[in-house]
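The values are calculated or read from the model by the stated rules, or taken from the named source; none is laboratory data. All of these numbers come straight from a predicted model, not from anything done at the bench. Cβ placement follows ideal geometry from the backbone for every residue including glycine, while neighbour counts extend to all protein chains displayed. We work out accessible area using only protein heavy atoms, side chains counted, and drop any ligands, DNA or RNA first. Shrake-Rupley method; radii C 1.70, N 1.55, O 1.52, S 1.80 Å.
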Amino acid sequence: MGVAVADYDGNGMPDILLTHFTGESNTLYQNLGDFGMQDATAVTGMRQLSFAKLGFGIVMQDFNCDGLTDCLLANGHIDERNADFDGYEQHPLLMSFDGSKWQDASATAGPYFSGRYVGRGVATADVDGDGDLDAVVVHQNKPAALLINESERGHWLQLHFTGKASNRAGIGCRVKVQCQDRSFTSQLFGGTSFASTHQPALVFGLGARVDPVDIEIHWPSGIVQRMNAVSVDQILHIVEPESPGEP
């Protein structure tokens, strides 16, 4: 039903996470580059956490900006008379990747996650303009939920794009943020989650990293844009240059 794309393992290549029916578990495909896509569902703990759920909307983002990927899932069955495993109304999930396995963080994520819903769409946006991502979850036959992110967070960068030769929203931009000790990569996708549209922005969680970073943007047009010594903890609006040599 749902699809999320992010570089959860930090190897610089986008991975794919799909939601599925109860008794099937979600499926996580780890991108190994020249070696193809590997099913990492079981080895990362994703199978055990999602086996009893019927998943729909899904996003992989670093909600608390600690430098590690989180995953928000809306769950809910499709048949009230024949609902199995976790039932017709199901608990949503918030999972956090600890570097080797996904951990269920729902119990500490707020009262919303203790409820049961027939969850469907999930979309992210920085609703309150504080730099991190909030979320909207749509439920069947119940009001939607607006989840304002009040996490204790690390340092961050939020990027917005205006295309010139590329599409206006910059969909398809691939971005690398280079810190002193590691790099973070992300791409602005369209059409992920389930029947949802996200705010077209990228948020990079940098953890405890406070030093300026270098940014490299690959626009869909083929233009490569570089920005050096960029201060963290700010929202940047980036316009596609006319040529690769422009900042």
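Cβ-Cβ contacts under 7 Å between residues 6 or more apart (or on different chains), taken from a first residue in segment 189-206 that is polar (S, T, N, Q) to a second residue that is surrounded by fewer than 22 Cβ atoms within 10 Å (Cβ to Cβ) and part of a strand (DSSP E or B), are listed as THR192/VAL3; THR192/VAL5; SER193/GLY121; SER193/ALA123; SER196/GLY121; SER196/ALA123; THR197/ALA123; GLN199/ALA125.
For segment 173-193, check the following and say yes or no: at least one residue is within 14 Å of the chain's Cα centre (by Cα), open to solvent by 70 Å² or more (accessible area, probe 1.4 Å) and among the small types (Gly, Ala, Ser). The answer is yes; a qualifying residue exists.
Against the numbered list (1) open to solvent by less than 60 Å² (accessible area, probe 1.4 Å); (2) within 20 Å of SER50 (Cβ to Cβ); (3) in contact (Cβ under 8 Å) with a residue 24 or more places away in the chain, ALA125 comes up short only at (2).
When GLY222 is tested against the conditions (1) on the phi > 0 side of the Ramachandran plot; (2) surrounded by 15 or more Cβ atoms within 10 Å (Cβ to Cβ), the lone failure is (2).
Contact map, segment 209-230: residues that are in contact (Cβ under 8 Å) with a residue 60 or more places away in the chain and closer than 20 Å to LEU68 by Cα paired with residues that are in a loop (DSSP other than H, G, I, E, B) and open to solvent by less than 50 Å² (accessible area, probe 1.4 Å), Cβ distance under 6 Å, separation 6+ or inter-chain. Pairs shown: ARG209/CYS179. One residue stands out in segment 89-116 among those that are open to solvent by less than 50 Å² (accessible area, probe 1.4 Å) and in a loop (DSSP other than H, G, I, E, B): the one that is nearest to THR19 (Cα to Cα), namely PRO92. Of all residues in segment 214-228, exactly one satisfies the criterion of being under 22 Å from ARG153 (Cα atoms) and not β-branched (Val, Ile, Thr), namely ASP214.
Condition check ((1) touching a residue at least 24 places away in the same chain (Cβ under 8 Å); (2) not small (Gly, Ala, Ser)) across all residues:
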{"site": "MET13", "(1), (2)": "yes, yes"}
{"site": "GLY76", "(1), (2)": "yes, no"}
{"site": "ASP79", "(1), (2)": "no, yes"}
{"site": "HIS91", "(1), (2)": "yes, yes"}
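ALA74 meets each of the listed conditions (1) touching a Pro at 6+ places or on another chain (Cβ under 9 Å); (2) open to solvent by 10 Å² or more (accessible area, probe 1.4 Å) apart from (2). Residues that are touching a helix residue (DSSP H, G or I) at 6+ places or on another chain (Cβ under 7 Å), β-branched (Val, Ile, Thr) and over 29 Å from VAL210 (Cα atoms) occur in segment 33-55; there is at least one. Which one of PHE56, PHE63 is buried (at least 24 other Cβ atoms within 10 Å of the Cβ), assigned to a loop (DSSP other than H, G, I, E, B) and in contact (Cβ under 8 Å) with a residue 24 or more places away in the chain? The conditions single out PHE63.
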